[in-house]
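The values are calculated or read from the model by the stated rules, or taken from the named source; none is laboratory data. Keep in mind that this is a model prediction, so the values were computed, not measured. Heads up, the Cβs are rebuilt from the backbone with ideal geometry, glycines too, and the neighbour counts pull from every protein chain shown.
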Amino acid sequence: MRLPLLAGILCGSLLLAGRGTADAQAKPDRLKFVLAQMDAGSAKFHSAEASIQKQQFEKVVNDTTTESGTIYFLRSGGSIQVGARFDPPNAQTLEYKNGTVTIYTAGTNQIKTYSAGQNQALAQTILALGAGGSGRDLVANWTITDQGAEQMSDGSRMVDVEKLDLVSKDPTIRNSYTHITIWIDLARDLSLKQVGFTPSGDTQTTTYTNIRLNQPIDQKPFAIKCKGKCS
């Protein structure tokens, strides 16, 4: 199972929410400002809940599949817990907690569990791209190219975002994604959009909208349980 974007690690990290025109080249000192803003936002981040849409493009068959649902991020200490529900026809409920990924598929009434094991640190690195990651951690784990400022919709309004292209310093992640492009709302330290590029030419695009930041998370709708006996 890949360790990709938020939705990817669960489904194995964003319909494109909005488009702007990036600056041709951000000023050299701009990245320092961006990372400092992320550090400030990360210190205030506790949780986020949002609508999620994931598009998976497969180059070989020239086909795109789309999934939509709801997702939450909850930070406890230095770790991130994530839960997601995807609408039919996929109808899956997913959870990442304490280094374990659990996936329930309603159609087959089946639960599958995966342990991140030695990849737990990598999983946390990827998950931090979605919400609450610090600039300090970003520069420690990724080679960053600042592609400038844009504006995009978060589902209710247009917001300023910074477009960053990331190449992982870990070869394990690079084997799955040659690079990942993210659009960061610096004011909230949230990634509104992520695109992961695979060595085979596939892409996974994830968009987060209708975001509720630092509000209580009702985890009951994300609870994983079988109907009767699981297969």
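Here are a few things to note about the model shown:
- The stretch 38-57, residues that are among the polar types (S, T, N, Q) and over 17 Å from VAL161 (Cα atoms): SER47, SER51, GLN53, GLN55, GLN56
- Among the conditions (1) within 27 Å of ALA140 (Cα to Cα); (2) part of a strand (DSSP E or B); (3) of a type in the set (D, E, K, R), the only one that ASP39 does not satisfy is (2).
- Matching residues, the stretch 192-231, being of a type outside the set (S, T, N, Q), under 22 Å from THR102 (Cα atoms) and assigned to a loop (DSSP other than H, G, I, E, B): ILE217, ASP218, ALA223, ILE224, LYS225, CYS226, LYS227, GLY228, LYS229, CYS230
- One residue from ARG188, ARG136 being in contact with a Ser or Thr (Cβ under 9 Å, 6 or more places away or on another chain), at pLDDT 90 or above and of a type outside the set (Gly, Ala, Ser): ARG136
- Among the residues of the stretch 25-50, those that are surrounded by 11 or more Cβ atoms within 10 Å (Cβ to Cβ), farther than 14 Å from SER191 by Cβ and either in contact with a helix residue (DSSP H, G or I) (Cβ under 6 Å, 6 or more places away or on another chain) or not charged (D, E, K, R) (or both) comprise GLN25, ALA26, LEU31, PHE33, LEU35, ALA36, ASP39, ALA40, HIS46, SER47.
- Checking ILE111, ILE71 one by one, the residue that is part of a strand (DSSP E or B), surrounded by fewer than 16 Cβ atoms within 10 Å (Cβ to Cβ) and among the aliphatic types (A, V, I, L, M) is ILE111 and no other.
- Residue ID - nearest to the chain's Cα centre (by Cα), chosen from residues in the stretch 42-79 that are closer than 19 Å to GLY99 by Cα and among the hydroxyl-bearing types (Ser, Thr, Tyr): TYR72
- The requirement of being at pLDDT below 90, touching a helix residue (DSSP H, G or I) at 6+ places or on another chain (Cβ under 8 Å) and surrounded by fewer than 16 Cβ atoms within 10 Å (Cβ to Cβ) is satisfied by THR172.
- Tally of residues being of a type in the set (Lys, Arg) and either under 24 Å from PHE57 (Cβ atoms) or surrounded by fewer than 18 Cβ atoms within 10 Å (Cβ to Cβ) (or both) across the stretch 175-203: 1
- Failed item in (1) buried (at least 18 other Cβ atoms within 10 Å of the Cβ); (2) modelled with pLDDT of 90 or more; (3) closer than 21 Å to LEU94 by Cβ, with ALA131 passing the rest: (2)
- Residue in the stretch 90-99 that is of a type in the set (Ser, Thr, Tyr), under 30 Å from GLY228 (Cβ atoms) and buried (at least 17 other Cβ atoms within 10 Å of the Cβ) present: yes
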